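The values are calculated or read from the model by the stated rules, or taken from the named source; none is laboratory data. All values derive from a computational prediction rather than experimental measurement. Cβ atoms come from the backbone with ideal geometry, glycine included; neighbour counts cover every protein chain shown.
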Amino acid sequence: KYIDLNYESIIEYSSVIESRLDDGYCTKELLIKQNSFYLKGCEEYNLPYHLIDDKYDINQNYLEIFV
């Protein structure tokens with residue numbers, strides 16, 4: 001849901017965290033597919049994850065969830 005609603009912002013701010021020279025390959029469908037792959041892996045191996053499905057809170061330290 002988050003990717004569907006925020007794809008344009010994800011692409012617009014992609015270089016803030018990742019230094020991508022070309023985002024041409026980064027489609028909404030690819031992001032959803034990759035997200036699903038990693039989520040299933042976390043669930044299968046009982047690994048912690050934080051699913052941002054609705055709203056991304058810029059004030060939340062998402063890493064502290066795993067400590």
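Return yes when Ser9 is exposed (fewer than 12 other Cβ atoms within 10 Å of the Cβ), at pLDDT below 80 and not aromatic (Phe, Trp, Tyr) and no when it is not. No: the conditions fail for Ser9. Residues that are modelled with pLDDT under 85 and part of a loop (DSSP other than H, G, I, E, B) do occur in the stretch 24-42, at least one of them. Whenever a residue of the stretch 1-26 is within 21 Å of Asp54 (Cα to Cα) and hydrophobic (A, V, I, L, M, F, W, C), its partners that are surrounded by 12 or more Cβ atoms within 10 Å (Cβ to Cβ) and at pLDDT below 80, lying with C-beta atoms within less than 8 angstrom and at least six residues away or across chains, give the pairs Ile11/Asp23; Cys26/Ser14; Cys26/Arg20.
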